[in-house]
Amino acid sequence: MKSNSTAEIMSKYDKKAKGYDRMMAPMEKIGMQKWRKALVAKAEGLVLEAGVGTGANLIHYYPNVKVIGVDFSSKMLEIATRKLPQVQAEIELKLADIQDLPFPDNTFDTVITACVFCSVPDAQKGFKELRRVVKPDGELYFLEHVRSESAVLGKIMDWANPLTVKHSGVNINRRTERNIILANMQIIKVEKLFGDIVKLIHASPNK
Ligand SMILES: C[S@@+](CC[C@H](N)C(=O)[O-])C[C@H]1O[C@@H](n2cnc3c(N)ncnc32)[C@H](O)[C@@H]1O
């Protein structure tokens, strides 16, 4: 049984699926495409893309990887499916909740997310699942927007967060690095892409 908040966020993404690519188009122009390419270039072997959405990253994967893309919004996945004829890598799309993944322990060489942990209802549960399914020598790369470390901006983000969650299901004040560490992973590198709000975080499982 899904918790209310999981059902609510899922339904918000089902509703915005149709207009999602149009909504993201300005962001893609100002940097997102470049960040996506940099993210996906890290992928090796069997890849889990968690929260694959409408499949905006899929065209960037090289043909030498196999990608399983999961999302809990069937409507977002429907749009991702339409992009499959243009991709080079072998891609499988699957309806699944990041908080309860249908894969055995130690399955994936690489785990990737892009702008996902702002909306996973229980972020720590989600990260623990990713930690479980990545191989002990695997790598994880998270392109995520996070709470600012600036005292003033951080407080503004905390204040505005209930409104953004209510309106769109998006948390703007997630402490993503802390959540990664709490899920028994170590942070290898953090690249600040847009101030200290958009980051590319490289992590690996603790041994
Ligand atoms: C902001 S969109 C980003 C989509 C895509 N990664 C991109 O870069 O365009 C967030 C996606 O994460 C998915 N998502 C959020 N929580 C999830 C969960 N618990 N399990 C599976 N998918 C989830 C949403 O359905 C949505 O497709």
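Read the figures in this text as sums done on the coordinates, not as results from a lab. These numbers were taken from a predicted model, which means no experiment stands behind them. Cβ placement follows ideal geometry from the backbone for every residue including glycine, while neighbour counts extend to all protein chains displayed.
Here are the numbers:
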read-out: In sequence order, calculated HN-Hα J values of region 151-163 (Karplus, 6.51, -1.76, 1.60; Hz; x Gly/Pro); value: 4, 6, 4, x, 5, 5, 5, 4, 5, 7, 4, x, 6
read-out: Cα-based shape type of region 125-207, given that a ≥ b ≥ c are square roots of the gyration tensor eigenvalues and the cut on a/c is 1.5; value: prolate
read-out: Members of LYS16/LYS94; LYS75/LYS207; LYS15/LYS128 lying beyond 26 Å, as alpha-carbon distances in this model show; value: LYS75/LYS207; LYS15/LYS128
read-out: Where GluC sites (Glu not before Pro) fall in DSSP loop in region 134-207, at most 16 other Cβ within 10 Å; value: GLU149
read-out: Pairwise centroid distance, computed over Cα atoms, of region 131-207 with region 22-69, Å; value: 18 Å
read-out: Residue of ASP97, ASP105, ASP71 that the Gaussian network model of the chain assigns the largest fluctuation, springs spanning Cα pairs under 10 Å; value: ASP105
read-out: Selection from SER119, TYR141, GLY31 lying farthest towards where the dipole of the chain points positive, charges on Cβ; value: GLY31
read-out: q = 0.19 Å⁻¹: log10 I(q)/I(0) that the Debye formula gives for region 34-153, counting C-alpha atoms only; value: -1.00
read-out: Value of relative contact order over region 4-205, rounded to a whole percent, pairs C-alpha under 8 Å and six or more apart; value: 18 percent
read-out: Calculated from backbone phi, Karplus (6.51, -1.76, 1.60) coupling profile of region 192-207 in Hz, x at Gly/Pro; value: 8, 9, 9, x, 10, 9, 10, 10, 9, 10, 9, 10, 9, x, 5, 6
read-out: Choice from GLY19, GLY45, GLY154 with maximal GNM fluctuation in the chain (Cα, 10 Å cutoff); value: GLY19
read-out: Compactness of the chain - radius of gyration and Dmax, Cα, Å; value: 15.9, 46
read-out: Unit charges on C-beta of K, R, D, E only; dipole of region 4-205, Debye; value: 600 debye
read-out: Listed residues MET24, MET76, MET157, most fluctuating in the chain (Gaussian network, C-alpha, under 10 Å); value: MET24
read-out: Residue (of THR164, ALA203, GLN86) at the positive-pole extreme of the chain, dipole from beta-carbon charges; value: THR164
read-out: Check: region 159-207 dipole with +1 on Lys, Arg Cβ and -1 on Asp, Glu Cβ, in debye; value: 100 debye
